[in-house]
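The values are calculated or read from the model by the stated rules, or taken from the named source; none is laboratory data. This one's a predicted model, so the numbers in the text were calculated from it and none came from an experiment. Here the Cβ positions follow ideal geometry from the backbone for every residue, glycine too, while neighbour counts run over all protein chains shown. In case anyone asks, the SASA skips ligands and DNA or RNA and just uses the protein heavy atoms, side chains included. Shrake-Rupley method; radii C 1.70, N 1.55, O 1.52, S 1.80 Å.
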Amino acid sequence: TAEALLLLGDCQRNTGELYPALDSYLTITTLFDVDPFITVPARQRAAEVFELQKRWPRARQTYQELIDHGPPPAVADDARKKLAALNAAHPE
């Protein structure tokens, strides 16, 4: 189910349906929080959608969650870079 929701979210995002995509990703992070292999990519994609929606505080929060939950080092490094870029571009 989680993999299907991730794929659905990706399809929705690629067709410009950002709110349904966000719903798909956040459903994964809520229902399957015990499985980091599926929640990390969902949380990462949710942060990117928040950025696309110009919801800077929520994007920051989601990137920080990625860093704090101890994902694989490459994911955490990417989240740190995106968080730094977001803070520089939108310090409010």
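One table, with the values for the structure above:
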quantity: Condition met for residue 23 (charged (D, E, K, R) and at pLDDT 90 or above); calculated: yes
quantity: Residue under evaluation residue 36, criteria (1) touching a residue at least 24 places away in the same chain (Cβ under 8 Å); (2) surrounded by 18 or more Cβ atoms within 10 Å (Cβ to Cβ); (3) not acidic (Asp, Glu), criterion not met; calculated: (2)
quantity: Positions within the range 53-92 being in a loop (DSSP other than H, G, I, E, B) and at pLDDT 85 or above, in sequence order; calculated: 53, 54, 55, 90
quantity: Exclusive hit being more than 22 Å from residue 86 (Cα to Cα), surrounded by 14 or more Cβ atoms within 10 Å (Cβ to Cβ) and among the acidic types (Asp, Glu), set 51, 17; calculated: 17
quantity: Extreme residue, nearest to residue 48 (Cα to Cα), among residues of the range 59-92 that are acidic (Asp, Glu) and surrounded by fewer than 14 Cβ atoms within 10 Å (Cβ to Cβ); calculated: 77
quantity: Subset of the range 20-33 (residues that are open to solvent by 70 Å² or more (accessible area, probe 1.4 Å) and in contact (Cβ under 8 Å) with a residue 24 or more places away in the chain); calculated: 31
quantity: Out of 59, 74, 88, 46, sole residue that is more than 22 Å from residue 10 (Cβ to Cβ) and either out of contact with any strand residue (DSSP E or B) (no Cβ under 8 Å at 6 or more places or on another chain) or among the aromatic types (Phe, Trp, Tyr) (or both); calculated: 88
quantity: Residue 43 part of a helix (DSSP H, G or I), among the basic types (Lys, Arg) and buried (at least 19 other Cβ atoms within 10 Å of the Cβ); calculated: yes
